[in-house]
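To start, the structure itself, in structure tokens.
The values are calculated or read from the model by the stated rules, or taken from the named source; none is laboratory data. Here the structure is a predicted model, which means the values were calculated and not measured. Areas reflect the complete protein model, heavy atoms only, side chains present, ligands, DNA and RNA absent. Shrake-Rupley method; radii C 1.70, N 1.55, O 1.52, S 1.80 Å.
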Amino acid sequence: MGTWDVGPFDNDTAADFCGDLDEAAAGEREGIVRATLTGVIDTAGHLEAPESERAVAAVALVAAQCPGGEPADPVYGPDEPLPDLTGLRGLAVRALDRVVTEPSELMDLWEESDGGPWRANVRRLRGVLLPAPPGEQPSLI
């Protein structure tokens, strides 16, 4: 089916990523999220959409544990408990910034369609992870 909506878990790749987290031993889950984020950050060339989709889901899992974060999707998010991921906030911001920086296939795909709601979700996630100082306007992605 591919992508069916604009949320961080609304695609097959993100659902599979969450399934992989559920199948992993409890002590391995933080490492999987960390590796997903750093893999995207370390991609200097063209960033493929599946890697970006996994990273956006990982970012959403980190944001879910932060003040103002929304819970992970109850259907497609992980069922098994996750460790404290809030120490990955900086990595999550960097990964999200890489997803929306050229060359990024996922960003290109959303630009070809009505990507406004997707970009709004990305801004919301970034805002939870890195809140703007009081009185400062959020940046546009």
Net length gained if the chain between E28 and D84 were fully extended (0.36 nm per residue, minus Cα distance)
18.9 nm
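Enter the per residue convex hull volume of region 4-58, computed from alpha-carbon coordinates, in Å³ rounded to the nearest integer. Mind dumping the intermediate values first?
On the way: hull volume 3.7 nm³, N = 55.
Hull volume over Cα atoms, normalised by residue count, gives 67 Å³.
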In the calculated pair distance distribution of region 39-110, what percentage of Cα-Cα distances lie above 19 Å?
36 percent
Quick one: which residues, 5 or more positions from L47 or on another chain, have an amide H under 5 Å from its amide H? H modelled 1.01 Å from N in the peptide plane, none for Pro or chain starts.
S104, E105
What accessible area per residue comes out for the chain, rounded to a whole number of Å², with a 1.4 Å probe?
51 Å²
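Just subtract the alpha-carbon distance of A44 and D12 from 0.36 nm times their residue separation and send over the number in nm, one decimal. Present the calculation step by step, with values, prior to reporting the outcome.
Details: separation 32, 0.36 × 32 = 11.52 nm, distance 2.48 nm.
Answer, rounded to one decimal: 9.0 nm.
Which whole-number value in Å³ per residue fits the convex hull of the alpha carbons of the chain?
Hull volume normalised by residue count: 105 Å³.
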